[in-house]
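Worksheet: the structure to be examined is printed underneath.
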Amino acid sequence: MSTDVKTQANPELVTATIDGIEVHVPKGTLVIRAAEQIGIEIPRFCDHELLDPVAACRACIVEVPDAGNGRGMKPQPACALSLMPGMVIETGASSEKVAKHQSGMLEFLLINHPLDCPICDKGGECPLQNQAMSHGPGESRYEGVKRTYPKPVNISAQLLIDRERCVLCQRCTRFGAQISGDDFISLAERGALSQIVSYTEHPYHSVFSGNIVQICPVGALTSVDYRFQARPFDLVSTATTCENCAVGCELRTDHRHFQVKRRLAGNDPLVNEEWNCDKGRFGFRSGHRDDRLTTPLVRRDGALVAASWPEAIDVAVRGLKAAGSAVGVLPGGRLTLENAYAYSRFARVVLGTNSVDFRNRAYGLEEADFLAAHVAGRDVEDSVTLAGLEKAKKIVLVGFAPEDESPVTFLRLRKAWRKRGVEIIDIAPFVSDAARKMGARTVLTAPGGEIAALATLAEELDADSVVLVGERAGLVPGLLGTVSDLAGKGVRFAWIPRRAGELAALEAGLLPGLLPGSRLVSDASARVDLQAAWGVGKLPEAEGLDAAGIWAGVADGSVKALVTGGIELADLPQAAAARRALAGEVFVVCLEQRASELTEHADVVFPVALLEEQIGTFINWEHRLREVVAVNTRTDTAMTDVRVLAALADAMGSQLGVRSPVEARIAYHEIADWQGLRGDFHPTPANGITPGEGLILAGWRTALDDSRCLDGAETVRETAPPPVARMSATTAAALDAVSGQKVTITGDAGQITLPLMITDRMVDDVVWVPLNSGIQVIPTVGVLPGQRVRVSPDEAAGGVA
Amino acid sequence: MSVDTLTPNLSDNWDQFESWKLANYEARGGYKAARKALFEMTSAEIIDVVKESGLRGRGGAGFPTGMKWSFIPQDNPKPKYLVVNCDESEPGTCKDVPMLMATPHTLVEGIIIACKAVNSHQAFIYVRGEVLHVIRRLQKAVADAYQAGYLGKGIFGSDYDLDIVVHSGAGAYICGEETALLDSLEGRRGQPRLRPPFPAVAGLYASPTVVNNAESISSVPAIINNGAAWYKLMGTEKSSGATIYSVSGHVMRPGQYEAPLGITYRELLDLAGGIRPGHRLKFFTPGGSSTPILTDQHLDVALDYEGVAAAGSILGTKALQTYDETVSVVRTTLRYTEFYKHESCGKCTPCREGSWWLVQTLRNLEAGKGREGDVDKLLDVCDNVSMKSFCTLADGFVACITSAIKHFREEFEAGYHTPAWELFPYEKSVYFPDHREKITVSEVADQ
């Protein structure tokens, strides 16, 4: 019998025999993988396809009667043995001897294992339980004493270990050492008393910690969040996509009784492999708190009161009609493609305005044009991809802190460096832990200095280089222009925003100058094309207001109504002004999941469905379509944004053309393909570093910060490192400040105070802060990164030398 | 071979006044071989002489030393390292400690020659942490060699640089396994590494590394001085040269006996004054506790690599622990197994869990609380461990248990009903009439 197992691009195949079956596999294939491919199951615990072999558990022992040279070998672990030409392998499937050995290994693993499966979270999905059943002895011959430990022990606020359950496979420690680079746990003691321990002086501060719970092959590692929450066999699993950043990791979401109990990383080799971050894993409770909106609300006598859907629609329509086309639409950056499409058409057709902008964040003047010209309309085929990063020679990070702003991208960058020796260059104000973990060379750069930094690198960048551009790059005048110049000489780049919905919003045309399918508002033929497709008379011709313009219009009264979808006022750089403006006459219609600062100012609030309650699509930064699957189909009150907007359109005497996400998806794809004129990008002139007194503010949002998505996941927030202000030793000395001392950072609007951390390798004249850890820095201080702030050490607090 | 064919070579100067001092070592021709290797020989010539001499690793495995050196890839741009394994921890093995106390400069000289052979400029001596006196003596010897210009920049006035670091282990038997030793030396937890890559390709700091036993390296100066042919005069065809046999236990004169490979245990026993009067040999280990035990049937086995292997054991470290008929083999086996359980690093399942389990079963047998079938269970558990562990530590305790059962099964089966101390009163095996007072059973039990 001959079975062709795997024919990749690699032409070098070896032929060998496993249990009498001839296999042809690429050179270097491990025996355990080759066996999998012909359906032979070899038990394993320490083996994990994405971790380097360690051959510690010995469960996968096989016999090698012929190593390919006519001579046998002693029993070998299949997880660490590469198949050689002519090799003959016997597994437990064909050899009673091997079956006995494998059974013996399971018996060994069980002698010190508590067999508390009925109360163990892993029971029912436990590799030890399953393999003991499939390959182990029915009964143990062990009559001795089992080791016991006090239990459980916290490894972090979120992680617990029950040491007596541990089989010492070292998957968790290897994950930390190899995959995430967070070496915060280790083996201690020896022999059967070996145990996984954490360091007292180094808390497990990792944004990837949940992965070790998932890959633990027994119930030794559990999360505070999920411990004793459910039995695996009672859960209903759904494969879907994470909504917490622009990577769009595949998730396995498990629910019971219509409650999501946990989320696991799904397996998508092209995107997230088998990992995800703690924000994606644990940040799913925010929609199930007391502030969830369950009925429409209308403002009556100054107060928001519950109303029926018809009444709320009625009030909204009256207000919107009164405003005419002086309406601004702020849908936010978290929508699915389907909902984004509905907003786009709602603005253009129902409201007759192009004043629509998804960017509920700080952005620069050149960004919209850059996105229209260089990002919109691409697809995954011509984009830089996560997997493609491993094939690059050099990767430059600009305005982008991957571990915080796109965690799974960080994992891929680390892998690219670790496995393929890809050189990573980080343009950043200090040498971060993340840079160290990616083996990155840091070009120390103050915000504003990125263009000069890229200029010094320009010589060494070529068609094998990739520039990853974070959304913060748009804040530096001229920087996106420099990136597009590099693209002109063949350097590839990708724009990586933080939020999951920004790419979809871009493709749906949620910018004042952009229509769906990267059509330009200014292009008459594009408008005509869309008019025909939509069957509407006339689309607005004038480019609308962007987000800043809309808020300015609210302030000066020229924008009379707002339609908003899931935005936080505090995320706005001009939050204070927006708050003042909302006190005026503007009519506000909110489509929201949860009560927020903005809904407090609203005239009508429509509750909309959580992501887990609807189907949809995200477009990740690779321009890859990521499917969102409804996890929990029982929704009592909320409707999707599409459905609400369709109802409003009807009541306005117009039409949206779609009433459900499915229809919106079809409608979008019908018009998505546009071969006409694309945007033209005119970069703004570069300013360089802002001159003046004080220090330059630098900062970004850390992965586990005060984001409302993490509400309800407090244990995970506790694993975030405490916020600090960073300065170089020279800068701190000039201020007479020492590490640990509190420093106050003052801008036009206000001030914040944080303990100082003197940072070894950091550019001078800069203070770095996390932008939303404890306080929203930009609106509070009133200063954007790149601008100057006054910094003074706090006398009273005193320093720690 | 007659009884008087002791061949003092490594142990030649042990009886000299302050033999460990540099001046005294040099007065007897020390460092002549190092100079010869440095100034008169090429690297290839050194390797050829050592290959030709037939010197094999004295750490237990018996791999030809010269061949090991020739595996170091000289086209590799990384530095080459020599690591000397002095983590002597095997129960019964006590050859390196007295050798290094008596003549540390022999090792330093051997290192100089070996480094020249493999083109290494940095050597490490990894010494078992518990033997502080040896560490101090080695440190002093290395410091003196630096002082004399025999180490450091331009040694002996040549253009060759060589540094030696004496590194103290933290007390783990597993760090005698060469890859665990390298991890420990790098500052990590000492656990064996997955091979390949082998140390010769990617050893210490992922650079080409030779790991040699202290006795192997110490044997080199004499070979360089006297030539391969001289060395081959001693020993047997495949196991040439002389080595240190450590005879301990129920013999009248325990100690180190340097003799040609291939000497029989009967001859060594004669040299050691025989078994204590009134008693007879019951069993012995040929090479430390991890080698299968042999009995009085094996007195005429040639103690070389091939001879001992043919008798079903391993020459190992040539640590001949001798037990007379007063000793309970169950008790001995238990003590050995307890040692391995304590020293198992915990990396792999069969060693970690197997030793935990076997100790408990053996304790029951020693206490006469065993159950019918326990002996077969021991053998079956041993079979599940044997050859399937990560390194050979587990094979060591399997060997001592299975060989003991093979030769003395009835003693283990007696453990189903009778405590070992009733069959073999423990005070009888510790009582030496010539210099020991009788101690009582209860005192033994207290221990």
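Quick note: the coordinates plus some simple rules give every number you see, no bench work behind them. Quick caveat, the model's predicted, so the values are computed rather than measured. Here Cβ is always computed from backbone atoms with ideal geometry, including for glycine, and neighbour counts include all displayed protein chains.
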Alpha-carbon centroids, region A:24-75 and region A:528-596: separation in whole Å | 60
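For peptide A:187-196, compute the average count of partner chain beta-carbon atoms within 10 Å of each residue's beta-carbon.
6
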Neighbour-limited loop hits for chymotrypsin sites (Phe, Trp or Tyr not before Pro), region A:216-256 (at most 11 other Cβ within 10 Å; DSSP other than H, G, I, E, B) = A:Phe228
Simple spin-label estimate for A:Asp382/A:Ala487, 7 Å along Cα→Cβ, in nm, reads 1.0
Could you work out, for region A:674-730, what percent of all Cα-Cα pairs fall into each 10 Å distance bin, beginning at 0 Å and stopping at the bin that holds the largest distance?
-> 14, 25, 20, 25, 15, 1
In degrees rounded to 10, the 0-90 angle between helix A:309-323 Cα long axis and the longest Cα principal axis of chain A is 50
Expressed as an acute angle from 0 to 90° and rounded to the nearest 10, what is the orientation of the C-alpha long axis of helix A:407-420 relative to the principal long axis of chain A?
-> 50
Residues of type aspartates and glutamates that A:Lys742 reaches as a straight line, Cα spacing below 15 Å, ignoring anything fewer than 8 places off in the same chain | A:Asp794, A:Glu795
Within a Cβ distance under 10 Å of A:Ser95, other residues only, what is the Lys/Arg minus Asp/Glu net charge?
-> -2
When the Kirkwood radius is taken over all Cα pairs of region A:142-287, what Stokes-Einstein diffusion coefficient follows at 25 °C and 0.890 mPa s, in µm²/s?
-> 151
Distance in Å, no decimals, from the C-alpha centre of region B:315-366 to the one of region B:115-132 is 30
Pull up all non-local amide H partners of A:Cys277: gap of 5 or more, or a different chain, and H-to-H distance under 5 Å with H placed in the peptide plane.
-> none
Given pairs A:Lys279/A:Lys415; B:Lys80/B:Lys318; A:Lys97/B:Lys341; B:Lys116/B:Lys153; A:Lys97/B:Lys388; A:Lys100/B:Lys388 and cut-off 23 Å on Cα-Cα distance, the over-length ones are B:Lys80/B:Lys318; A:Lys97/B:Lys341
Residues other than A:Pro75 with Cβ under 12 Å of its Cβ, Lys/Arg counted +1 and Asp/Glu -1, net out at +1
Count the net charge of all other residues whose Cβ sits under 12 Å from the Cβ of B:Leu204, scoring Lys and Arg as +1 and Asp and Glu as -1.
-> +1
What are the residues whose amide H is under 5 Å from the amide H of A:Leu562, where those residues sit 5 or more places off or on another chain and H is modelled from the backbone?
-> A:Gly328, A:Phe587, A:Val588, A:Val589
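With a ≥ b ≥ c taken as the square roots of the eigenvalues of the C-alpha gyration tensor of region A:522-627, please select rounded if a/c is under 1.5 and otherwise prolate if a/b is larger than b/c or oblate if it is not?
Numbers: a/c = 1.89, a/b = 1.20, b/c = 1.58.
Judged from the Cα gyration tensor, region A:522-627 comes out oblate (a/c at least 1.5, b/c at or above a/b).
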State log₁₀ I(q)/I(0) for region B:329-430 at q = 0.24 Å⁻¹ as given by the Debye formula over alpha-carbon point scatterers of equal weight, solvent excluded.
-> -1.23
Could you pull out every one of the lysines with an alpha carbon less than 18 Å from that of A:Lys560, ignoring same-chain neighbours closer than 8 positions?
-> A:Lys321
Computed from every Cα-Cα pair in the protein assembly as shown, P(r) in 20 Å bins starting at 0 and rounded to whole percents is 10, 31, 30, 19, 9, 1, 0
For region A:649-685, list residues with backbone N below 18 Å from a point placed 7 Å from the Cα of A:Asp314 toward its Cβ?
-> A:649-653
Alpha carbon Rg of region B:25-126, scaled by the compact-globule rule 2.2 N^0.38 Å | 1.11
Taking θ as phi - 60°, what are the ³J(HN,Hα) couplings along region A:661-675 by the Karplus curve (6.51, -1.76, 1.60), each to the nearest whole Hz, with x for Gly and Pro?
-> x, 4, 5, 5, 4, 4, 4, 4, 5, 5, 10, 5, 7, 9, 9
Sticking to Cα atoms, compute the Rg of chain B to one decimal and its Dmax as the biggest Cα-Cα distance, whole number, in Å.
-> 22.4, 72
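Rounded to the nearest 500, what is chain A's calculated 222 nm mean residue ellipticity when only DSSP H runs of at least 4 contribute -39500 (n - 2.57) each, over all residues?
Details: 23 runs with 188 residues, N = 801.
The helix-only estimate for chain A comes to -6500 deg cm²/dmol at 222 nm.
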Span-like helix ranges in chain B, DSSP H, alpha carbon extent 18 angstrom or more, Kyte mean at least 0.5 | B:104-118
With a 10 Å radius around each residue's Cβ, average the other Cβ atoms per peptide and rank B:247-259, A:240-252, A:159-171, A:528-540, highest first.
-> A:240-252, A:159-171, B:247-259, A:528-540
Would you pull out the residues with amide H under 5 Å of A:Asp794's amide H, same chain only if 5 or more places away, H placed 1.01 Å from N?
-> A:Lys742, A:Val743, A:Thr744
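Using only the Cα atoms, what convex hull volume per residue in Å³ does region A:695-793 have? Each step should come with its number before you reach the end.
Details: hull volume 8.9 nm³, N = 99.
Spelled out: Cα convex hull of region A:695-793, divided by residues, is 90 Å³.
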Under unit Cβ charges (Lys, Arg +1; Asp, Glu -1), what dipole magnitude, rounded to 20 debye, does the protein assembly as shown have relative to its Cα centre?
-> 660
Across the residues of A:49-56, average count of Cβ atoms on other protein chains within 10 Å?
-> 3
If the cut-off is a Cα-Cα distance under 14 Å, which aspartates and glutamates reach A:Lys489, setting aside same-chain residues fewer than 8 apart in sequence?
-> A:Glu459, A:Glu460, A:Asp462, A:Asp464
